[in-house]
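To keep things clear, I will list the structure first and then write my remarks on it.
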Number of protein chains: 2
Amino acid sequence: MKAYKDLAPSLRTIMTPGPVEVDPRVLRAMSYPILGQFDPEFTDMMNETMEMLRELFQTGNRWCYPIDGTSRSGIEAVLVSVIEPGDKVLVPIYGRFGNLLVEIAERCGAEVVIIEREWGGVFSQGEIAEAIRRERPQIVAMVHGETSTGCIQPLEGIGAICRELDALLVIDAVATIGGVPVETDAWQLDAVIGGTQKCLSVPAGMSPITYNERVEAKILQRKSIERGLQDKNTPASAKRKVRSNYFDLGQLQDYWSPARLNHHTEATSMLYALREGVRLVLEEGLQQRFARHKLHEAALVSGLCAMGLTLYGDATCKLPVVTCIRIPDHVMGESVRSMLLQYFGIEIASSFGPLKGQIWRIGTMGFSCNQKNVLHVLGALEAVLIWHGVDLPAGKAVQAALASYAEKKEEFTC
Amino acid sequence: MKAYKDLAPSLRTIMTPGPVEVDPRVLRAMSYPILGQFDPEFTDMMNETMEMLRELFQTGNRWCYPIDGTSRSGIEAVLVSVIEPGDKVLVPIYGRFGNLLVEIAERCGAEVVIIEREWGGVFSQGEIAEAIRRERPQIVAMVHGETSTGCIQPLEGIGAICRELDALLVIDAVATIGGVPVETDAWQLDAVIGGTQKCLSVPAGMSPITYNERVEAKILQRKSIERGLQDKNTPASAKRKVRSNYFDLGQLQDYWSPARLNHHTEATSMLYALREGVRLVLEEGLQQRFARHKLHEAALVSGLCAMGLTLYGDATCKLPVVTCIRIPDHVMGESVRSMLLQYFGIEIASSFGPLKGQIWRIGTMGFSCNQKNVLHVLGALEAVLIWHGVDLPAGKAVQAALASYAEKKEEFTC
């Protein structure tokens, strides 16, 4: 029999828009022995995690819990639970992950209408409002931070229009939660989906979500009790059942409620990780954490500009946690990425679709978002670009970043 | 701000039919720093894990990879990818998890036909064959090991009938994989779904699956490239698209193939855990591992019988990794379970639906399946039952188990 070797992954500096490096405290949490899913110690931990997630999402919503799957599982869970076949769903698209919302909504049986913005920009509030008034969708689904383009869509004001016209507003905040303000209640967002492997710096494998009573009302209309758990007192199942069992929020909220109605077996070690990751966020403080992300973004951008590189996208809507750079002419983008990884142990990202081969993307997210990493990536990128024949002012990038830190550290403490 | 405490879960002896205790080597694997999902070291590990899973599933199938979600996510991924709305699906039900297959298949739009067996027994090959010949389903979906009743359904011969009549045979082997023989190729199973948190002793959160060319052919007919990844060379999408994006095996196999077409972000730490868990299985050897499960089952059963307890279910189809016991008259089952947990740190399970309050279920799975645990649970259960007023021959149970070990250890080395 073939002998498989001991696990021994190399240590990387991960500066992509996710997954990013994981805080050692989170890694340690995953190494604790597990509890049974109905062990009172574990259900207490489930409740506590819900409480912590409320702070993270800045909401008073009762329902704040993780879906056991990667980020897009949270998106699909919300969409499949609120979309009934034939519902009209409006998706404003300004990058790859808007397309993902369309992809998922269509598979849920929605009639999807879209508005599109050229990649690199976002919509004005007025454009979105006009589309909502024109299309009168049951659901508006939007991406808050587009990692594919490094842009952030302002959400203020859109929730109010959705309430006025009785639409549900579903927000993909996978890239922003824990790194950029996501004000669920203040912005009147009806459902918000977060990701673990970006600004929360927890490994991929869970997706925390939250939703309010407006969403719950729709879910309850479609609720059913799982066949194997029914008894003679079980009410008749809804005719308009959700098309998924795994993602049926009506059943999931029963599992996360005091009823603890059996559904899946909660992913214990991932819950340990999520709890520790959110605990780290709350210990740091949301405002301090957002400021830290801006601080390191500023240093990174200073360094990149000092190197003579051009940022991609409209600067007025730049996502603080992802910085996109145009690949200089005559440079093989993948060769640069590969050399960064092989020689410097640094990972940065390429992009998708129309931007493939056009830009690099550097993430400054969560635990990876720190001074050491920013300075390391600037120094290494400079060296690799010079090696690739790019004419640039050697030494300037790191000095510019150091100057940015010197200037900004008076404003922020981090 | 509220201070949340350090994670400090109690150490438990987990003798349920899952989740069960996790091998410390697996816990350690999860504590390693992560790699990016397209890091060559990580994609090598993905390939290696597929190779290891082929040995576990006893198959030459190309496709053997995990779904990022708990066990039922693997079931739903296979069913939603092979079932087209209107397809006829036959489900032989002999416990709760047969009902789950119905639940999921119905939500996929299937016309589901069932045959039912009273809980505690299984079907003969002839009964299943007759139903297949009568109903002519496109898909037959069955549970291999029913943890709800502690029964195992023999599968030999059913695959051949399905091939003869052009039906696909989908097997839920969540409870059996790694503990009981699951011979994917020899039994002509078209798709098999395993679970991590049972006999593999990896935390819940992944579901390894395998499927053959017959299933792949159906998947390829329904294949599409994700909207955000399309370019001008992308072929037109299938009209009969899978109803889920997250569970679309056509897209998932592109992600697990050399094409590495972006889908979700693979759950890194869970993959580390799965790889280490399967590595432990292969190091032990499949046949040795199956024998070990039988050895400890025999000792447990000897002890329970010596205590005067009655096993539940037809002994001829007893699932070796789950032992069900009738709760003695006038004993509050939940009070016994609660005392076992609080005083002895042992978790055993109750059951569902018609068996709620009727039986206890004791698992002997994976890492939890060992001599220390079996002797500990017998001694503790005896003490708790005496405390609850049950008249039983004190001291006999552990002696019977010791005698069983003394006798059987000549046969097995473990």
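Within the range A:275-292, the set of residues being touching a residue at least 60 places away in the same chain (Cβ under 8 Å) and either exposed (fewer than 15 other Cβ atoms within 10 Å of the Cβ) or not in a helix (DSSP H, G or I) (or both) comprises A:Gln288 only. When the criteria are applied in full, B:Asp185 fails the requirement of being among the acidic types (Asp, Glu) and under 19 Å from B:Ile104 (Cβ atoms). What do you reckon, is B:Leu309 in the same structural domain as B:Ile219 (by TED's automatic domain parsing) and touching a strand residue (DSSP E or B) at 6+ places or on another chain (Cβ under 9 Å)? So B:Leu309 fails the test. The combined condition, being within 18 Å of A:Lys198 (Cβ to Cβ), in contact with a Ser or Thr (Cβ under 9 Å, 6 or more places away or on another chain) and at the interface with another protein chain (Cβ under 9 Å from one of its Cβ atoms), is fulfilled by A:Pro19. Selection of the range A:221-250 for residues being outside any loop (DSSP other than H, G, I, E, B), more than 8 Å from chain B (Cβ to nearest Cβ) and modelled with pLDDT under 95 yields only A:Gln221.
Which one is nearest to A:Ala29 (Cα to Cα), of the residues in the range B:33-51 that are under 20 Å from the mean Cα position of the chain (by Cα) and surrounded by fewer than 20 Cβ atoms within 10 Å (Cβ to Cβ)? The residue in question is B:Met50. When each of A:Ser224, A:Ser207 is tested for being surrounded by 21 or more Cβ atoms within 10 Å (Cβ to Cβ), free of Cβ contacts under 8 Å to residues at least 60 places away in the same chain and at negative phi, the lone residue that passes is A:Ser224. The set of residues in the range A:251-274 that are open to solvent by 10 Å² or more (accessible area, probe 1.4 Å), out of contact with any Ser or Thr (no Cβ under 8 Å at 6 or more places or on another chain), closer than 22 Å to B:Ser10 by Cα and within 11 Å of chain B (Cβ to nearest Cβ) is empty. Give the residue that is surrounded by the fewest Cβ atoms within 10 Å (Cβ to Cβ), with candidates limited to residues of the range A:402-413 that are touching a helix residue (DSSP H, G or I) at 6+ places or on another chain (Cβ under 6 Å) and either more than 14 Å from A:Val301 (Cα to Cα) or at pLDDT 95 or above (or both). Here the answer is A:Phe412. Beta carbons closer than 6 Å, at least 6 apart along the sequence or on distinct chains, pair a first residue in the range A:13-26 that is open to solvent by 10 Å² or more (accessible area, probe 1.4 Å) with a second that is of a type in the set (Phe, Trp, Tyr) for A:Glu21/A:Phe367; A:Asp23/A:Phe367. Of everything listed in (1) among the small types (Gly, Ala, Ser); (2) assigned to a helix (DSSP H, G or I); (3) within 8 Å of chain B (Cβ to nearest Cβ), the single unmet condition for A:Gly36 is (2).
Of all residues in the range B:369-395, none that is over 12 Å from B:Gly303 (Cβ atoms) has its Cβ atom under 6 Å from the Cβ atom of a residue that is open to solvent by 10 Å² or more (accessible area, probe 1.4 Å) and charged (D, E, K, R), 6 or more apart or on another chain.
The residues of the range A:77-122 that are in contact with a Lys or Arg (Cβ under 8 Å, 6 or more places away or on another chain), in a loop (DSSP other than H, G, I, E, B), open to solvent by less than 10 Å² (accessible area, probe 1.4 Å) and more than 10 Å from chain B (Cβ to nearest Cβ) amount to a single one, A:Tyr94.
Selection over the range B:41-74 of residues that are under 17 Å from B:Val202 (Cβ atoms) and touching an Asp or Glu at 6+ places or on another chain (Cβ under 6 Å) gives a count of 2.
Please indicate, with yes or no, whether at least one residue in the range B:293-311 is modelled with pLDDT of 95 or more and within 14 Å of another protein chain (Cβ to nearest Cβ). Among the residues of the range B:293-311, not one is modelled with pLDDT of 95 or more and within 14 Å of another protein chain (Cβ to nearest Cβ), which makes the answer no.
For the range B:123-147, a residue qualifies if it is within 12 Å of chain A (Cβ to nearest Cβ) and among the charged types (D, E, K, R), and exactly one does: B:Glu146. Scanning the range B:344-371 for residues being more than 14 Å from chain A (Cβ to nearest Cβ) and open to solvent by 10 Å² or more (accessible area, probe 1.4 Å) gives a total of 2.
Looking across B:Thr323, B:Thr310, one residue alone is open to solvent by less than 30 Å² (accessible area, probe 1.4 Å) and either within 30 Å of B:Glu156 (Cβ to Cβ) or in contact (Cβ under 8 Å) with a residue 60 or more places away in the chain (or both). It is B:Thr323.
Number of residues in the range B:326-343 that are assigned to a helix (DSSP H, G or I) and buried (at least 17 other Cβ atoms within 10 Å of the Cβ) equals 6. Going by what's in this entry, would B:Phe290 be described as more than 14 Å from every other protein chain (Cβ to nearest Cβ) and either under 24 Å from the mean Cα position of the chain (by Cα) or on the phi < 0 side of the Ramachandran plot (or both)? Answer is yes for this residue. Residue count for the range A:372-401 satisfying the condition of being in a helix (DSSP H, G or I) and crowded, with 17+ Cβ neighbours inside 10 Å: 17. Among the numbered conditions (1) open to solvent by 20 Å² or more (accessible area, probe 1.4 Å); (2) farther than 30 Å from B:Leu340 by Cα, the only one that B:Gly69 does not meet is (1).
Considering the range B:123-141, the residues that are assigned to a helix (DSSP H, G or I) and closer than 26 Å to B:Ala217 by Cα include one that is most open to solvent (accessible area, probe 1.4 Å), namely B:Arg134.
The values are calculated or read from the model by the stated rules, or taken from the named source; none is laboratory data. Computed from a predicted structure; not experimentally measured. Reconstructed Cβ throughout: ideal geometry from the backbone, glycine too, with neighbour counts over all protein chains shown. All accessible areas refer to the heavy atoms of the entire protein, side chains included, with ligands and DNA or RNA removed. Shrake-Rupley method; radii C 1.70, N 1.55, O 1.52, S 1.80 Å.
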